[in-house]
Amino acid sequence: MQAIASKSNITLKGSTDIVTEFFAYSINTILFQRGLYPSESFTRVAKYGLPILVTNDQGLKDYLENVLKQLSAWLLADEVQKLVLVITDLVTKEALERWVFDIQADIPKEGEPQRNKPEKEIMNEIQAIIRQITASVTFLPLLPNACTFDLLVYTKKEANVPQKWEESDPKYITNSQQVKLRSFTTSIHKVDSMVAYKLNNE
Amino acid sequence: MDDSSDNNSSNNNNLTQQFLKTMNTSSGGGGSMKRYSTSNNNNSFVSRNSGINSKQLIAIQRAIDDYLDTDTGDAGTIIFEANETLARQQEYIKQLEHQIKADNSTENELSTKSVRLTNTEKELQELKSKYYELEKSSQFFKTRASESMIRVQDIEQEMERKIGLKNKEIDDITSKLRYITQSEEEAKKRSLELELQYSELERQTSLKLKAMEKEKLQWRSEVVDLKHKVAGSNEEAQIKSKDSKIDSLNILNKQLQQEVSDIKSRLNSTLELLSDKDRQLESFLVSKEDPILNSLVNPSLSNDEQIKKLQTRLIDSETLNQSIKNELNYYKDVNEKNLKQLSNLKSQLENLGNIEIIKQQNESLQDKLARYQEIIENFNKLEIKHNLLVQEKKDLEKKYGEFDKFQGGPEQFLQRIAILENENQTYVGKIGELTSNLKLLESRNSDIESTILEEKSSLSSKNNRIDEFIEKIKRLETQNYIYKKEIEGLNKILDLFDLDSVVNSNAKEGTDGGDTTAATSDSSVRIERVKELQRALGEKNALVEQYESQLSNKSKAITDHVMDYKSECEKLNKEIDRLLEENALLESRLGKGEYDPTKTKVLHMTMNPSTAADNNKSLENNVGDQKLIEENHRLLMQVNDSEKKLDRLKLVFKQKINEFREGVYALLGYKIDVDQQNRYKLQSMYAEKESDYLMFQYTANKGGRVGNMELLETAFTDSLDREIKAYLFTCKSIPSFLSQVTIELFSRQTFHP
């Protein structure tokens, strides 16, 4: 961590690590803020100059670890386009919210000069996004009691599907409203964030 | 056995006789039947007939019983015989019954016939009565005719008597005429005598006159003599006596003359008489042409008046005769008419004799009557229709009176309407054209404005360009100026150089005089240098000019380029807008999570939290919980539905209430608001101010009856008249009070503006 902070040169590996870490914390924040898991199952951690709540649930932890591991692999291979967190109603199986993280990769070619972006700047950008996610609770509609979530990864067609993974439907929201959130870039990966939610006033 | 059989037979005979008797009676009944057929009482006969039959049967039965009672011996044979006879009798009875039935049927037929006959009889009677009436009328006419005949005869007799009287009168008149002619003749004779007398008298008088004239002449001669005598002597006295004698003689003469005139007048009168007589005679002779008076033509000049009277009488008698003749003719005519009537009546009588013809006539007349009734009905209907149409026509005339002035009628009216509609349509078309023109002009205007704006902007940009170019030009000019200065400086330097060279040459000349050629060559070199320099200057100048031209060209090119850039810039702006829109669209799609399935696939872990949750649910959650959740959802849906329904109902109620209130306002003239709990605020349609309203307090009655309304005091109620209030306080009628208020306010608004 200290090493990254001190450096301003960004490699693909470093960028992938930053992005994956961002996904881990943002997913945890969303899950806590949207109340998908009981708040007592979260513990406070300081990250990006913010207090961030991270789950203690072992099952959830394992699941996230698996997903993120795979995601980082895809990121390195430049095969991932999007990561979507879909919140669905447990009973009706209806998609209620979609947290979309668009990933645009600009992978440096051989012999290209190294890119520079101060670590501090990237952290500030990520902090702004986390803050927005926290603040989005104020305008998002209340979720019904029983909800669950799923993580969808949009990959390139040629990407191989590993074990324990499968193709899924995109879980669209009918009659949705979008709010664009901030974005951040590591000069290699650019992540745009956005939340879409179902409108209830029929 | 024989005896008994004889007895039996005798008994049988008795029975048969008895039976035959009864049958006779029945046949008598049957005989009477024919008589009944003419009458209407058939049923009674039948019943009686049947009654008789039953009685007969009973009698026969009894007779048999008696016989059986009396003769019990040899019962078998007797009974057998009796049975046989009975059977026979029964057959006979059956036959009789058949006969009776046949009779009945015939009877019925006869009855129907009788009915028909009665009908015909009635008709006959009617016709007879008609006939009698006609006969009566004919008799009446006959009597009238006879009476008239008698009267005519009487009149004739009277006429004859009158004629006789007239003839007698005529005879008298003829005798009188005879007498008159005789007297006339006498008068003629007398006139002749008088003429003779007159001629004698005339002669006498003429003689006397002659004598008198002789005397006069004598006297005159005497006078002359005397005068002579007087003139000879004083014979005045004698003259005087003579004068007196003359006077007396004159008087005598005068008397004589008078006598003559008298005789003359008498003669004249006799002559006049004579002439009169002559005239009378002539007239008489003319009247004598009458054949009756031919015999009466006798000279009777004596009595003229009588003749006149007779003539007048004759004329009267003639007129009388003529009138009598006329009367005679009239009565003859009357007689002829009566005769004609008689003949008509006779023919009618003959016609009456033919009942069938009358019947037919009657029927045809009835048919005609029925048809006429229909026709009358039709006529009535048509009349009603006609009246209706007339009324309609009047209404239409009233309505379209204006158009009737233009030689109206609905057709022309319709034509006019059609014309007007056409005109209207053409006007509408014109309006449309005009509006389209206006729109076109507006669009053009806007286009022009936009072009103007563009032009302005381009103008400003051009101006800017021009300014820039001017600046450039200035810069170039300054450069040019600088170059010129440089050239001048160079020229000066050259001049100085020339001078130096000249000085040097001079010095050289001074030192070495033979080097003039070198000096000249030096100067020539210098000149060449100068020339070269001048050429360079010219070149430089040309360059400057070239630059300037280039500049101008460039400026032009730049302006063109500017235009191009402008258009391009606009295009690009549009493109940017389009792209932004597209971007927004794509972003929205992205927000939904759309992706290109040819390039992208969506993956997720098979063991993700939702599936885990599902699994957990399926494992842990009770079926009941799920059911509960589902029910909850269902109920929530229901609640939503019912809320929607409620909202809709509220909306509908609101609409209906508004409608109702508007209806009440329009019909009753009061806007009713529920101000507070059970308080009704009524504001009249014709209220003058906003504050003019009535307030009613509603107090509900116990027991669900209609409650009471109480008027609360407001400023407006205080301002009302006592008469109006009386409706409320004395009559206890709120509606009448309200209507009175309405009328009051309305009259105030309408009649006192």
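Straight-distance candidates among the lysines for linking to B:LYS214, with alpha-carbon spacing under 26 Å and chain neighbours fewer than 8 residues away dropped: B:LYS227, B:LYS229, B:LYS240, B:LYS242, B:LYS245, B:LYS254, B:LYS264. Checked against a 28 Å cut-off, the cross-linked pairs B:LYS439/B:LYS574; A:LYS156/A:LYS180; B:LYS430/B:LYS456 give Cα-Cα distances beyond that limit for B:LYS430/B:LYS456. Amide H to amide H, with H built 1.01 Å from N, A:GLN81 comes under 5 Å of A:TYR154, A:THR155, A:LYS156, counting only residues 5 or more places away or on other chains. Converting phi to 3J(HN,Hα) with the Karplus coefficients 6.51, -1.76 and 1.60 and the offset θ = phi - 60°, region B:723-734 yields 5, 5, 5, 4, 4, 7, 7, 9, 7, 6, 10, 5 Hz in sequence order, with x at every glycine or proline. A prolate overall shape is assigned to region A:71-114, the ratio a/c of its alpha-carbon gyration tensor axes (a ≥ b ≥ c) being 1.5 or greater and a/b exceeding b/c. Each peptide in A:20-31, B:636-647 was scored by the mean count of other Cβ atoms within 10 Å over its residues; highest first, the order is A:20-31, B:636-647. Listed by chain and number, the aspartates and glutamates placed with their C-alpha closer than 14 angstrom to that of B:LYS94 are B:ASP103; residues fewer than eight positions away on the same chain are left out. In this calculation the C-beta distance from B:SER137 to B:ILE58 is compared with R0 = 56 Å, giving a FRET efficiency of 0.35. Near the amide H of A:ILE52, within less than 5 Å, lie the amide hydrogens of A:VAL45, A:ALA46, A:LYS47, all on another chain or at least 5 residues away, with H placed in the peptide plane.
Counting, for every residue in A:145-153, the Cβ atoms of other protein chains within 10 Å of its Cβ and taking the mean gives 5.
When each of the peptides B:541-550, A:168-177, A:63-72 is scored by the mean number of other C-beta atoms lying within 10 Å of its residues, the order from highest to lowest reads A:63-72, A:168-177, B:541-550.
Taking 20 Å as the limit for the C-alpha separation, the pairs B:LYS168/B:LYS277; B:LYS492/B:LYS531; B:LYS166/B:LYS309 exceed it in the case of B:LYS168/B:LYS277. Assuming charge only on the beta carbon of Lys and Arg (+1) and of Asp and Glu (-1), the dipole of region A:9-198 about its Cα centre is about 420 debye to the nearest 20.
Per-residue shielding of A:164-172, expressed as the average number of other chain Cβ atoms within 10 Å of the residue Cβ, stands at 5.
Once both labels are positioned 7 Å from their Cα atoms along Cα-to-Cβ, the gap between B:LYS399 and B:GLU433 label points is 3.6 nm.
Cross-link partners for B:LYS689 among the lysines, with Cα-Cα distance under 17 Å and sequence neighbours closer than 8 places in the same chain left out: B:LYS671, B:LYS681. Spin-label pair B:ILE672-B:SER446: with each label point 7 Å from Cα along the Cα-Cβ axis, the two points sit 5.3 nm from one another. The mean number of partner chain beta-carbon atoms within 10 angstrom of a residue's beta-carbon across peptide B:384-395 is 0. For chain A, the relative contact order comes to 29 percent (Cα pairs under 8 Å, sequence separation of at least 6). When the alpha carbon gyration tensor of chain A is reduced to an equivalent ellipsoid, its three semi-axes come out at 28, 20, 16 angstrom, largest first. Positive-end ranking of B:ALA418, B:ASN378, B:GLN366 along the dipole of region B:308-466, with charges on Cβ about the Cα centre, is headed by B:GLN366. The 3J(HN,Hα) values that the Karplus relation (6.51, -1.76, 1.60; θ = phi - 60°) gives for region A:89-105 are, in residue order, 6, 5, 8, 7, 6, 8, 6, 10, 9, 10, 9, 10, 10, 7, 10, 10, 9 Hz. Gly and Pro appear as x. Kindly state, to the nearest 0.05, the FRET efficiency for A:ALA128 paired with B:ARG535, given R0 = 56 Å and r defined as their beta-carbon distance. In this case the efficiency is close to 0.15. Close amide-amide hydrogen proximity is noted between A:PHE42 and A:ASN56, each under 5 Å apart and 5 or more residues distant or on a separate chain (H modeled in the peptide plane; Pro and chain starts excluded). For B:ALA557 and B:ILE384, the difference between the fully extended length at 0.36 nm per residue and the C-alpha to C-alpha distance is 52.2 nm. Seen through its C-alpha gyration tensor, with square-root eigenvalues sorted a ≥ b ≥ c, region B:620-733 comes out prolate because a/c lies at 1.5 or above while a/b is bigger than b/c.
Throughout, read-outs are computed from the coordinates displayed, never taken from laboratory work. Here the structure is a predicted model, which means the values were calculated and not measured. Note that each Cβ is placed from the backbone with ideal geometry, even for glycine, and that neighbours are counted across all protein chains shown.
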